[in-house]
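The values are calculated or read from the model by the stated rules, or taken from the named source; none is laboratory data. What you see is a predicted model, and the numbers here were worked out from it, not measured in a lab. Cβ coordinates were reconstructed from backbone atoms using ideal geometry, including for glycine residues, and neighbour counts include every protein chain displayed.
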Amino acid sequence: MHWLQFYYRMIELKNIEKGFAGKLVINDVSAILETGKCNLIIGASGSGKTVLMKCLVGLFEPDKGDVLYDGDSFTNMNEDGRKNLRQQIGMLFQGSALFDSMTVEQNVMFPLDMFTKLNLKQKQQKVNEVLSRVNLKDANKKFPSEISGGMKKRVGIARAIVLNPKFLFCDEPNSGLDPKTSLVIDKLIKEITTEFGMTTVVNTHDMNSVMEIGDKIIFMHQGHKEWEGTNKDIIFSKNEELNQFIFASEFLQDAKDMRMLESKGKISEDRDMDKLMS
Amino acid sequence: MIKGMVSKPENWKLYWKELMHQCNEIGVRSIGIVVIIAVFLGAVTTVQTAYQLVTPLIPKSVIAVIVRDNIILELAPTLICVVLAGVVGSRIASELGNMRISEQIDALEIMGINTKAYLIMPKILAALIVVPCLVILAAVLGIWGGKVAGELSGILPNEIFNQGLLEDFIPYNVFFAMSKAYTYSFIISSIPAYYGYHVQGGSLEIGRAGTKSVIVSCILILLADYALAAILL
């Protein structure tokens, strides 16, 4: 029994394995996703991030291993137990997964309609509260097809947090967004995590997100956990696969080299950047 | 799939709202096509039956008897449901397929909602409620279409048609038609729901699921048609 299981709102993965058609996609992954922190699962496309997240939320059943929420085994939970737990989970999907036939307001109100006994006025108040929390105003009556990608993500976040969940999952929250909007979404996820004291798990391959919000980072490579650490450790990591992933571009490699030299005191504060770059 | 649908609703009010929505989508939105097809089916049946009955030994009121029984026993339930399999079936398959591909079904699952119960059950129940009503409407309009065609073309005056309608009427035929209607309602709602719910891939697969569900529904309707006729008649 891990001592951390006595933390509240913690998720623990124990030796998760998942395969499709005889091919192992997730291979023996164990990790602890901590409370009040942004836990990032990073890796290249096809590394198993999304499958791992779907195992975490129960959309896929792991072939082996277990997922523990606050020490309770999700895999062995009965249907009622799972239903109760799922009401404490919010998820932002890659494509936002908003209901096409509903307006923004109806989308956010849907979990309240389904699971609470609040009257219409109370529900509207709550919806306006979360929509203003995600900085989305004057969009209540619009349909998902009438709003931008960034706004859809914010509506997705608003819907995910409207029931005050303990756990927030975000699958590729920045996919298809410009760098500026990505930054806004990252900031929002970070703020919400801290504000509500949630356990947030973010699936991403966006290095900006990693550096911006990655309190804890799990690097997936070919279906297994290759590296684990924080955004402070990642730049100086000696893991070859991780370095290949994060320093895929020459520019980033140069930036890393410079930081390494800087850390060793070989570059002074008043460095001549033109000279160094040449 | 059927087993997974049977569970206590998370919120009765929302399930009821969804049922009413589906009744509107499946029933009310299909009225137009059902009216057009039924009226012309009746009209054509009258004209073609009169064309085949050339002997003066058979009274003209028999045309009305044939039109009535044909429409009640076969045309109203079977043909209308084959058309509905296309109209309603492709809509159900594409709606659920699109929800699956765009992760809307996953979003509902994550919220703790039984998606089979919330998305599929109301569609099947709605079909069981409204399709038999559409079949009754089609039977009535089909017979009326036959009567109008008989009068307009001068084949059969209204009085003789009305007289024929009352001749040798067997109420059991209505029961048989309703048995068909309920069986087909289940087929045209559950088969597309199955294919739509289990779509994997992209928009191409949604189209394929729609086509496949219509083909399978039509074949099953024809098989059930024969089976019911063999068992109940």
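Can you find a residue in segment A:106-116 that is within 30 Å of A:LEU177 (Cα to Cα) and at the interface with chain B (Cβ under 9 Å from one of its Cβ atoms)?
For segment A:106-116, residues within 30 Å of A:LEU177 (Cα to Cα) and at the interface with chain B (Cβ under 9 Å from one of its Cβ atoms): present.
If we only count helices (runs of 4 or more DSSP H) wholly inside segment B:126-233, which ones have 3 or more residues that are among the small types (Gly, Ala, Ser) and either closer than 24 Å to B:VAL67 by Cα or modelled with pLDDT of 95 or more (or both)?
Values: elements: B:158-166, B:172-197, B:203-232.
Passing ranges, in order: B:172-197, B:203-232.
Among the residues that make up segment B:181-203, is at least one of them within 26 Å of B:ALA64 (Cα to Cα) and surrounded by 17 or more Cβ atoms within 10 Å (Cβ to Cβ)?
Among the residues of segment B:181-203, at least one is within 26 Å of B:ALA64 (Cα to Cα) and surrounded by 17 or more Cβ atoms within 10 Å (Cβ to Cβ), which makes the answer yes.
For A:LYS153, all conditions in the list (1) part of a helix (DSSP H, G or I); (2) crowded, with 20+ Cβ neighbours inside 10 Å; (3) free of Cβ contacts under 8 Å to residues at least 40 places away in the same chain hold save one; what is the number of the exception?
Of (1) part of a helix (DSSP H, G or I); (2) crowded, with 20+ Cβ neighbours inside 10 Å; (3) free of Cβ contacts under 8 Å to residues at least 40 places away in the same chain, only one is false for A:LYS153: (3).
If I filter segment A:189-203 for residues that are buried (at least 16 other Cβ atoms within 10 Å of the Cβ), part of a loop (DSSP other than H, G, I, E, B) and under 14 Å from the mean Cα position of the chain (by Cα), do I get at least one hit?
For segment A:189-203, residues buried (at least 16 other Cβ atoms within 10 Å of the Cβ), part of a loop (DSSP other than H, G, I, E, B) and under 14 Å from the mean Cα position of the chain (by Cα): present.
Would you please list the contacts, defined by Cβ atoms under 7 Å and residues six or more apart or on different chains, that run from a residue in segment B:47-61 that is in contact (Cβ under 8 Å) with a residue 12 or more places away in the chain to a residue that is surrounded by 10 or more Cβ atoms within 10 Å (Cβ to Cβ) and in a loop (DSSP other than H, G, I, E, B)?
Close Cβ pairs satisfying both conditions: B:VAL47/B:ILE155; B:ALA50/B:ILE155; B:ALA50/B:LEU156; B:LYS60/B:LEU156; B:SER61/B:GLU167.
Can you list the helices (runs of 4 or more DSSP H) lying wholly within segment B:9-87 that have 3 or more residues being more than 30 Å from A:THR116 (Cα to Cα)?
B:31-52, B:61-70
From the residues in segment B:1-52 that are more than 16 Å from B:ILE124 (Cβ to Cβ) and basic (Lys, Arg), which one is farthest from the other protein chains (Cβ to nearest Cβ)?
Filtering first and then ranking leaves B:ARG29.
I'd like the full set of residues that are in contact with a Pro (Cβ under 7 Å, 6 or more places away or on another chain) and under 13 Å from B:ALA93 (Cβ atoms), limited to segment B:179-233.
B:SER213, B:SER217
Within segment A:1-34, track down each residue that is over 17 Å from the mean Cα position of the chain (by Cα) and at pLDDT below 60.
Residues satisfying the conditions are A:MET1, A:HIS2, A:TRP3, A:LEU4, A:GLN5, A:PHE6, A:TYR7, A:TYR8.
Kindly check whether there is at least one residue in segment A:220-239 that is part of a loop (DSSP other than H, G, I, E, B), in contact with a Ser or Thr (Cβ under 8 Å, 6 or more places away or on another chain) and either at pLDDT 65 or above or exposed (fewer than 13 other Cβ atoms within 10 Å of the Cβ) (or both).
Checked against the condition, which is being part of a loop (DSSP other than H, G, I, E, B), in contact with a Ser or Thr (Cβ under 8 Å, 6 or more places away or on another chain) and either at pLDDT 65 or above or exposed (fewer than 13 other Cβ atoms within 10 Å of the Cβ) (or both), segment A:220-239 yields at least one hit.
Report yes if B:GLY207 is crowded, with 23+ Cβ neighbours inside 10 Å and small (Gly, Ala, Ser), otherwise no.
Considered against the rule, which asks whether it is crowded, with 23+ Cβ neighbours inside 10 Å and small (Gly, Ala, Ser), B:GLY207 comes out as no.
Within segment A:78-97, is there a residue that is assigned to a loop (DSSP other than H, G, I, E, B), crowded, with 16+ Cβ neighbours inside 10 Å and away from chain B (no Cβ under 13 Å)? Spell out how you get there, then give the answer.
Step one: filter segment A:78-97 for residues assigned to a loop (DSSP other than H, G, I, E, B), giving A:78, A:87-88, A:93-97.
Adding the requirement that they be crowded, with 16+ Cβ neighbours inside 10 Å leaves A:87-88, A:93-97.
Of the ones still in play, those that are also away from chain B (no Cβ under 13 Å) are none.
No, there is no match, as no residue in segment A:78-97 is assigned to a loop (DSSP other than H, G, I, E, B), crowded, with 16+ Cβ neighbours inside 10 Å and away from chain B (no Cβ under 13 Å).
Say whether the condition of being assigned to a strand (DSSP E or B) and more than 25 Å from A:ILE217 (Cβ to Cβ) is met by at least one residue in segment A:20-35. Lay out the reasoning, then the answer.
From segment A:20-35, those assigned to a strand (DSSP E or B) are A:20, A:23-33; that's our starting set.
Now drop any that are not more than 25 Å from A:ILE217 (Cβ to Cβ), which leaves A:20, A:23.
Looking for residues that are assigned to a strand (DSSP E or B) and more than 25 Å from A:ILE217 (Cβ to Cβ), one finds at least one in segment A:20-35, hence yes.
Working only within segment B:96-125, note down all residues that are of a type in the set (D, E, K, R) and surrounded by fewer than 21 Cβ atoms within 10 Å (Cβ to Cβ).
Listed by number, the residues that qualify are B:GLU103, B:ASP106, B:GLU109, B:LYS116.
Of all residues being surrounded by 14 or more Cβ atoms within 10 Å (Cβ to Cβ), in a loop (DSSP other than H, G, I, E, B) and free of Cβ contacts under 8 Å to residues at least 12 places away in the same chain in segment A:41-77, which is nearest to the other protein chains (Cβ to nearest Cβ)? Just the residue, please.
A:LEU59
Cβ contacts < 6 Å: first residue farther than 14 Å from B:PRO59 by Cβ, restricted to segment B:149-168; second residue of a type in the set (Asp, Glu), any location; separation 6+ or different chain. Result?
B:ASN158/B:GLU151
Every residue in segment A:129-145 that is surrounded by fewer than 16 Cβ atoms within 10 Å (Cβ to Cβ) and not in a loop (DSSP other than H, G, I, E, B), please.
Scanning segment A:129-145 gives A:GLU129, A:SER132, A:SER145.
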